[in-house]
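Written out below as structure tokens is the structure these notes cover.
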Amino acid sequence: IRPEEIKISWKAVKGVDKYEVFCAEGKNRKYRKIKTVSKCSYKKCGHMAGKKYYYKVRAYKIQSGKKTYGPYSTVKSVIFSQQTGQSTFPAPPVFTSIEDINNIPSDLPYFMFFTVMEISEKNIYLSSETNPYSQCYILENPYNSNINEGTRLKIVNPQINPVAESDGKMKIAGYTRIDILGEGYWTNTPLYVKQISEGILYLSDGLSETITFTIDLRYNEILVMKNGQYGTVEDIKVDDKLVFYISSPMAACIPGKILDCTKICILS
């Protein structure tokens, strides 16, 4: 398990179609459904140090177009502390304010990455993939049959407004387009920073001085981690060794381009 995530698993139930995972952030807090999965495990990133989380799971099968639910599993709790090593989660990072984001030059598209938490008839409720401690975002349901709970989305040029009397929720009032992303993955081979210029990282594979890939940091909202601590893109320096969490294949040009990156880990 990487420092920023927890994985839970359970025994398979014969004859069922899928499982629903529920989480509560306190013993007496309301449970919310966070994921529907077909396999017997669930992985979650971004838990907060010193906070206790409660999980439960139930299975269902579909008969004549209707869901039949089984009983809930036994509740399991997990608490993360600063001393537990691989289950340690540091304080929340600081991210660019909406005011600063709006100052990005208009010729640069601005992307935000989200995971669908819940879908209602009118709205889709989203969490920011690159800031696990951000508030809930509300998007009017585009009625796309390919968008389900757990679907990853890239929203281009989102117009974000606070929702009145909503306990911090934000509404995505407009956007240029919505892209449905794949699951995303960490690059297997680390890349070394050879040069940083005007927001662009020039990278090599370490075998030579040749620039093999580039990534434009201005085109992505990126969560940076180093030694188990959160940081910003300003923490990336020349000669750092990096791995990237990406949502689409690297563009195969010379040099190649890393697109749709949401997380960067600076390796020691």
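The values are calculated or read from the model by the stated rules, or taken from the named source; none is laboratory data. A quick note: this is a predicted structure, and the numbers were derived from the prediction, not measured. The area values use the complete protein model at the heavy-atom level, side chains included, leaving out ligands, DNA and RNA. Shrake-Rupley method; radii C 1.70, N 1.55, O 1.52, S 1.80 Å.
Summary table below
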{"item": "Residue-normalised accessible area of the stretch 157-268, given per residue in Å² at a 1.4 Å probe", "result": "55 Å²"}
{"item": "Centre separation in Å (Cα based) which lies between the stretch 167-186 and the stretch 193-268", "result": "22 Å"}
{"item": "Projected-area mean, the stretch 145-268, by convex hull of Cα positions, square nanometres", "result": "9.9 nm²"}
{"item": "Overall Cα dimensions of the stretch 136-208, principal axis frame, Å, largest first", "result": "54, 29, 24"}
